[in-house]
């Protein structure tokens, strides 16, 4: 699996850290921090942001729910602020926000 970095700079930094790790110059714990830093950052979304994301994609709650593999009721509760997305759904929302809903299709 090829890692996709946020930028060329991130790729260069991670590659240099990997080389230092292989030479034994940085610890496994430090390398794990570099690995974690390369992942897509996940932040909580407000109900308004979820509605805006869905409206920007031009889909209904039902279709939006299908993309995220959740129920329509859950999407409705997120949009009303009764519940908050977590786990895999939050990761998918972060990716959809960054790259568009078609990125998780």
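Laboratory data are not the source of any read-out in this text; all were calculated from the coordinates shown. If you're wondering where the values come from, they're calculated on a predicted model, not measured in any experiment. Positions of Cβ are generated from backbone atoms using ideal geometry, with glycine treated the same way; all protein chains shown enter the neighbour counts.
Ranked from largest, the principal axis spans of the Cα set of the chain equal 52, 24, 21 Å. Per-residue extension of 0.36 nm, minus the Cα-Cα distance of residue 30 and residue 104, leaves a gain of 23.6 nm for this segment. Taking Cα atoms only, the orientation of helix 87-99 departs from the longest principal axis of the chain by about 90 degrees.
Relative to the longest principal axis of the chain, what angle (0 to 90°, nearest 10) does the C-alpha long axis of helix 47-57 take? Value to nearest ten degrees: 90.
Here the label points at residue 80 and residue 95, each 7 Å from Cα along the C-beta direction, are separated by 2.9 nm in the simple model. To the nearest ten degrees, helix 28-37 and the longest principal axis of the Cα atoms of the chain are 40 degrees apart.
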